[in-house]
Amino acid sequence: METRRKTPHSTLEQVCKRILPLRVFKFLFGPLSEFSVARRITGAVFGALSGAGLFFGLIYNIAMTTVQHIIVGCVFVGLCTLGGMFSSLFRCSVLLMFPSMIGSHGRTFLMVFVLHGLYQGPIANIQHNVQDVASSMGCNIDLQITHSKLMWRMLTEPYVEVVQEIVEDSEEFQNEAQNVSMQFQKVRDEVMGQYGFNSLGKESVHTANSTQEEYVAKTRARCDLMNPWCTEKIPVEGNFGQTFDKLNDSINRLAEHFTTNLVLEELEQQAVLGVNVLQDFSKELSREFQEKTAIAEKISGVINFLLSFTFITVFTSAFGYVRQYCRDILFDNVYITTYFRQIDARRIRAEKRHLLPLKKAERESLINPWRLSIHASELMPVIVGFLQVASLALFVCVLLAVDGILYNIFDLIRRHTFTTYSITSVQHADIVIGGDSMLARLLRKTIGAFNTSSNFDIESSNLDCLPQPHSLILSDYLRIFIPLLLMFLMCLLQVYSNRLRRREKKRILFLYNLQIQKRISFINRQCHRLRNPKQTFVMVLSGVLAPLKRVGCRLLWCCVCEGFVRQNQAVECSSVGCTMIYCQQCWTDLDNICCICYPRNQCAPQDSSYDSEVYYGC
């Protein structure tokens, strides 16, 4: 005899039963005791694949060597393989990572990814453009320094060449000086000689106090044949002695060893803002930016580590959900699933108390996963998510605006700061010294060295020093806005992804029986309230709107659940003088007895039976 097949208790199970082969369906949804070996092998494959994915998401971004990556990866995948073989908790945690990634933890991961995109995009672009402009400034400063050096060299080079030529001709100049001294020796012998006078004249010469007096005395001594005339007409100028002494001293010094040396003194420049402007300014800037780049790379490493850390939080969130799911039967047990509806349909067929459709108060605590509207209990995470995405989007827009403004400014500088430099210098000196005298030869050796000529003409520009700002490309914007768009969609989809989590049969049975208990308690409370002599709001409103019945327009509310009731679905008490109106479901829950017209013990619900297979633990 063929056994009756079990009805699928979930939509996924129903779909799989229709499209999958029977043995595959039994393997997926049958008892764990069946296909034990195949389940172990499948679990091992699932664990290995999950471990590989988790490794690339968690650990691969952490800085390690290739060998360390291989060793850690093999160990990690091996542990995940064992977890997939023997632990249903591990398998459930991995599967629940997908709905968790659509939730807040997934948004956190994408937010870090957006920050990484911002750092690689506009932040790095701003840094590059600022560095490029600073390098351009350094290049222009170097260009100005180079031009200043050229002009200074153009001014000083002729004088250096003159001095250098004098240094090179020092030996020839020494020979000329010795020749002059030899020629002057005849004059010296004539002036200082002791001849042409007797011993009396020598005595008068020795008593002279200066060269002038000595030469005058010698001249007079030599003129003693014509003493009266020599005394009156002596041919000696009054400053002859002084002039001779100076000329003799000059000739003696000129005859000394003549040496020349070229000494160039370089003055040490004061540092400006800690940088010597005569040095390569761009190199100093490059060194500074290299230090900043090293810091930026460290920040990038921290962001990569945060990406791994946020991915870990996705797994830990899923793992924590599974643990709490197995420990607390009330945890996240608020969904009206397919099996919940099957139980309710079975009780309707058995004419027992049922729950659907839900009362107004019950709809606030239970969620229908097939409804597109967001439940009140699901609204707060959605609002918080939207606020997070909006604040991050505002920050992204501000940062992109700053990058765009800076790019336009730097591009304006590039297009309007092109400069052409023209440095021209023409120098010609020609000093002609004629004659063949001693003085002429000396002057030709000294002053004649200044006969130089130079022609200097340089054309240059700062084209190579202009900044070259970069703008963001399309991929940079996509790297930022695609995760932002996904975060926005996650705020909407997280509600529906949370509804996809697996609901076990025993948890749904517990929820249904718990709601039956609450329904009975609710009916008892409402019956007690209706017997209270105080009028309720519904009673007052029904009394006010009663005259509308005469014109064929009547609004009805159930006196138990206080919900609006259509006129064709309302149940009115048949007792004379009783105005109680009930909805069809509340009338069934009261066993078709008016709670006002009958004693309390008779109108209380008597059908307190629960559905079978009640489970209170996991």
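The values are calculated or read from the model by the stated rules, or taken from the named source; none is laboratory data. Treat the numbers as computed from the prediction; the structure is a model and nothing was measured. FYI the Cβ positions are ideal-geometry reconstructions off the backbone, even for glycines, and counts take in every protein chain you see. Surface areas here come from the heavy atoms of the whole protein model, side chains and all, with no ligands, DNA or RNA. Shrake-Rupley method; radii C 1.70, N 1.55, O 1.52, S 1.80 Å.
A few notes on this one:
- Long-range neighbours under 8 Å by Cβ, at least six apart or interchain, first residue closer than 17 Å to Val402 by Cα within segment 114-141, second basic (Lys, Arg) and crowded, with 17+ Cβ neighbours inside 10 Å: Gly117/Arg479; Gln120/Arg479; Gly121/Arg479
- Matching option when the condition is within 30 Å of Gly51 (Cβ to Cβ) and either assigned to a loop (DSSP other than H, G, I, E, B) or modelled with pLDDT under 85 (or both), among Phe319, Phe258, Phe331: Phe331
- Index of the failed condition, Arg503 passing every other in (1) open to solvent by less than 50 Å² (accessible area, probe 1.4 Å); (2) more than 56 Å from the chain's Cα centre (by Cα); (3) at pLDDT below 75: (2)
- Test: residue in segment 43-57 that is assigned to a helix (DSSP H, G or I), touching a Leu at 6+ places or on another chain (Cβ under 7 Å), closer than 22 Å to Val302 by Cβ and not aromatic (Phe, Trp, Tyr): no
- The number of residues in segment 5-29 being free of Cβ contacts under 8 Å to residues at least 60 places away in the same chain and assigned to a helix (DSSP H, G or I) comes to 15.
- Check on Gly83, touching a residue at least 12 places away in the same chain (Cβ under 8 Å), under 30 Å from Met487 (Cα atoms) and small (Gly, Ala, Ser): no
- Restricting Ile480, Ile447, Ile473 to residues that are within 30 Å of Asn129 (Cα to Cα) and either modelled with pLDDT under 90 or open to solvent by less than 50 Å² (accessible area, probe 1.4 Å) (or both) narrows the list to Ile480.
- Complete set of residues in segment 331-344 that are more than 14 Å from Asn513 (Cα to Cα) and free of Cβ contacts under 8 Å to residues at least 40 places away in the same chain: Phe331
- Taken together, Arg519, Arg566 contain a single residue that is open to solvent by less than 60 Å² (accessible area, probe 1.4 Å), more than 20 Å from Cys597 (Cβ to Cβ) and at pLDDT 75 or above, which is Arg519.
- If you go through segment 394-406 and keep only what is open to solvent by less than 30 Å² (accessible area, probe 1.4 Å) and out of contact with any Pro (no Cβ under 6 Å at 6 or more places or on another chain), you end up with Val396, Gly404.
- Of all residues in segment 285-308, none that is without any contact (Cβ under 8 Å) to a residue 40 or more places away in the chain has its Cβ atom under 7 Å from the Cβ atom of a residue that is open to solvent by 50 Å² or more (accessible area, probe 1.4 Å) and outside any helix (DSSP H, G or I), 6 or more apart or on another chain.
- Residue in segment 543-559 that is assigned to a loop (DSSP other than H, G, I, E, B) and modelled with pLDDT of 75 or more present: yes
- Those residues of segment 477-508 which are closer than 22 Å to Ile383 by Cβ and of a type in the set (D, E, K, R), in sequence order: Arg499, Arg501
- Criterion: open to solvent by 30 Å² or more (accessible area, probe 1.4 Å), modelled with pLDDT under 90 and not in a strand (DSSP E or B) - qualifying residue of Gln468, Gln494: Gln468
- Number of the condition not met by Ile409 [criteria: (1) open to solvent by 30 Å² or more (accessible area, probe 1.4 Å); (2) within 30 Å of Leu489 (Cα to Cα); (3) not hydroxyl-bearing (Ser, Thr, Tyr)]: (2)
- Checking each residue in segment 128-144 for being more than 11 Å from Phe410 (Cα to Cα) and more than 23 Å from the chain's Cα centre (by Cα) picks out Met137, Gly138, Cys139, Asn140, Ile141, Asp142, Leu143, Gln144.
- Total residues in segment 108-123 satisfying the condition of being among the polar types (S, T, N, Q) and either out of contact with any helix residue (DSSP H, G or I) (no Cβ under 6 Å at 6 or more places or on another chain) or surrounded by 22 or more Cβ atoms within 10 Å (Cβ to Cβ) (or both): the figure is 1.
- Tally of residues being more than 30 Å from Phe109 (Cβ to Cβ) and either among the hydroxyl-bearing types (Ser, Thr, Tyr) or touching a helix residue (DSSP H, G or I) at 6+ places or on another chain (Cβ under 7 Å) (or both) across segment 392-405: 0
- Selection status of Ala177, in a helix (DSSP H, G or I) and within 21 Å of Tyr407 (Cβ to Cβ): no
- Checked against (1) at pLDDT 60 or above; (2) within 60 Å of the chain's Cα centre (by Cα), Glu613 passes all but condition (1).
- Top-ranked residue of segment 18-56 - restricted to ones that are crowded, with 16+ Cβ neighbours inside 10 Å and at pLDDT below 85, ranked as farthest from Lys505 (Cα to Cα): Phe55
- Of the criteria (1) open to solvent by 50 Å² or more (accessible area, probe 1.4 Å); (2) free of Cβ contacts under 8 Å to residues at least 12 places away in the same chain, which one Cys326 fails: (2)
- Per the listing Gln183, Gln194, the residue uniquely assigned to a helix (DSSP H, G or I), modelled with pLDDT of 70 or more and closer than 27 Å to Lys246 by Cβ is Gln183.
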